[in-house]
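Report on the following structure.
The values are calculated or read from the model by the stated rules, or taken from the named source; none is laboratory data. Predicted, not measured: the structure shown is a model, and the values here were computed from it. Here the Cβ positions follow ideal geometry from the backbone for every residue, glycine too, while neighbour counts run over all protein chains shown. Surface areas here come from the heavy atoms of the whole protein model, side chains and all, with no ligands, DNA or RNA. Shrake-Rupley method; radii C 1.70, N 1.55, O 1.52, S 1.80 Å.
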Amino acid sequence: MTTTAPRGTGAVTPGRGSGGPPPRRAAIAARHLRTDRWWLQPLITAVVLLCFVVYSSFRAFQNAYYFAEPYISPFYSPCITTGCEGDTFPEFFTGPSFISPAIYILVIPLGFRGTCYYYRKAYYRSFWLSPPACAVGEPHRRYTGESRPPLLIQNLHRYALYGALIFNVVLTYDAILGFRDETGEWGHMGLGTLVLLVNAALLWLYTLSCHSCRHLVGGRLNHFSRHPLRYRLWTRVSRLNASHARFAWLSLFSVAIADAYVFLLATGTISDLRFF
Amino acid sequence: MSYAGRFRVWRGDVTGGDLEDFTVEVNEGEVVLDVIHRLQATQAGDLAVRWNCKAGKCGSCGAEINGRPRLMCMTRMSTFGEADTVTITPLRTFPVVRDLVTDVSYNYEKAAQIPAFSPRPRDADGNYRMQQVDVERSQEFRKCIECFLCQDTCHVIRDHEGNKAAFAGPRFLIRLAELDMHPLDTTDRRDAAQDEFGLGYCNITKCCSEVCPEGIHLTDNGIIPLKERVVDRRFDPLTWLGSKIGRRPRD
């Protein structure tokens, strides 16, 4: 094991990846010697994420077909402008009509997923190729990671988490309102209700399994034994955290599917399958 | 069941070298290190290879097998097809000494810079007392055998030699996490983690966790919690304010 020597001066010189030939290393010219299909996973990640970005941007800017009584698309909820069709949230202000109500609220889910520790891994590998895969050389001459702006902003992930938790409450409320029918009477359930419920559940799982959440509920403590309740919470969040990547993908798909379902209802392409 | 396996092994030293082709007998149940030993015994008596326990516990026989950092003693030949050519090269991140042996001094220099374990005073009866739940997080990191495969695969230093001065690498970030989480330790290492050991350089792409032969979750259980602790201290105005007015003790 590592010895514990008295603290020395430390490494205080900022790193500068020169991109030049590293000194005294084994002379191996190839960027990598991997023989497996290491490129497949980053490629799939890039394609799926790009598809989602294109679809969600189109829907967010479309400013139409996001509400089909009693369902509202998760891209447009909470509905905070008077121009927004949904009625599940207090309408705070009237924005310019050419700005879609989705634009105002986009910053929270985008900020949460953009600074998420899992998605960071995914897009650093797939888009920034830093690195594209383990032991595969990256193309950049210089690398400073998240040690300086603009990537220092990734450290604000916990604030995005707070926002995402509030959004989850709103989206859960939306799903519960799916038990009303078109006229506002309770006692209805359709496929749309189920879609919104599953979406809300997956969003909760994704949010609660977050690494920042794990830290805040108990990870910051050094004496779990003095905080048994927080220790129990931490162990449960830790269990969820092991599946954080899975929840990240599933909730991404569920948001898109819930939106697409509402879109199809609102355009009259399909009608809601009614259970009762 | 034996077969003649095809291998490409990097031979050379700091002045240069290249991959050399060999055909070596492979027997059922063998690992890559067995084949390297047979190669040494039968065809290349001067082949340099570092090894010790042959049981995945000493961390000496790290190399890159088909481009992936692995322990040679823990890589079964049955994971390759009989027709495959297996390429074995030294760890790329460190200076080569000869053939498959590299100079891993960088790691020991970083280890020596880490602020030492500083326990609080003993209890009145002369003992230290702590609960199992308080130390079990740190115990995961004590499984580390210091094979330095995580250091080798980390692109921060693998692809950018110049970053070695500022970045301690995943092995030592989890060492910092281990000490920072320890219930008896009294030193605050959060500033040092960020400023002196380059925690901010890590972009959590998890290659260190992928290659760890001990299955330590370096990123999820060590580096990310350490990053969050640094956020508490450096980037979160609420926790900073709470600590200043005494409402948020470190515990």
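Computed quantities for the displayed model
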| read-out | value |
| --- | --- |
| Label-point gap, in nm, between B:Asp123 and A:Tyr162 - each point 7 angstrom along Cα→Cβ | 3.9 |
| Carbon plus sulfur fraction of accessible area for segment B:2-102, probe 1.4 Å, in percent | 44 |
| FRET efficiency, A:Ile153 to B:Arg142 (Cβ-Cβ, R0 30 Å, nearest 0.05) | 0.30 |
| Label-point gap, in nm, between A:Ser97 and B:Asn27 - each point 7 angstrom along Cα→Cβ | 8.6 |
| Accessible area expressed per residue, segment B:105-244, with surrounding protein chains retained (probe 1.4 Å, Å²) | 34 |
| Distance between segment A:49-81 and segment B:127-147 - C-alpha centres, whole angstrom | 48 |
| In sequence order, calculated HN-Hα J values of segment B:34-39 (Karplus, 6.51, -1.76, 1.60; Hz; x Gly/Pro) | 4, 5, 4, 5, 5, 4 |
| Cα-based Lys pair tally, the protein assembly as shown, threshold under 15 Å, eight or more apart or on separate chains | 5 |
| Accessible area that becomes buried as A packs against B, both chains, 1.4 Å probe, Å², nearest 100 | 6700 |
| Radius ratio Rg over Rh of the protein assembly as shown, counting only Cα atoms, Kirkwood formula for Rh | 1.04 |
| Distant-in-sequence amide H partners of B:Glu25 (H built 1.01 Å from N, under 5 Å) | B:Gly5 |
| Shielding of A:145-155 by partner chains, average beta-carbon count, 10 Å | 5 |
| Compactness index (Cα Rg / 2.2 N^0.38 Å), chain A | 1.24 |
| By accessible area with a 1.4 Å probe, ligands and nucleic acids excluded, highest first: order of B:Arg38, A:Arg141 | A:Arg141, B:Arg38 |
| Length added when fully stretched, A:Ser225-A:Arg274, from 0.36 nm per residue minus Cα-Cα | 12.6 nm |
| Average accessible area per residue (Å²) across segment B:2-102 - probe 1.4 Å, nucleic acids and ligands excluded | 43 |
| Carbon/sulfur fraction of accessible area - chain A, other protein chains in place, 1.4 Å, % | 68 |
| Surface accessible to a 1.4 Å probe, per residue, for the residues of chain A, Å² | 49 |
| Shielding by partners, peptide B:140-147 (average Cβ within 10 angstrom, other chains) | 1 |
| FRET E, pair B:Trp240, A:Leu40, Förster distance 45 Å, beta-carbon r, rounded to 0.05 | 0.55 |
| Inter-label distance for A:Thr82 and A:Thr183, nm, one decimal - labels placed 7 Å from Cα along Cα-to-Cβ | 3.0 |
| Net dipole in debye of the protein assembly as shown [+1 Lys, Arg Cβ; -1 Asp, Glu Cβ; about Cα centre; nearest 20] | 1340 |
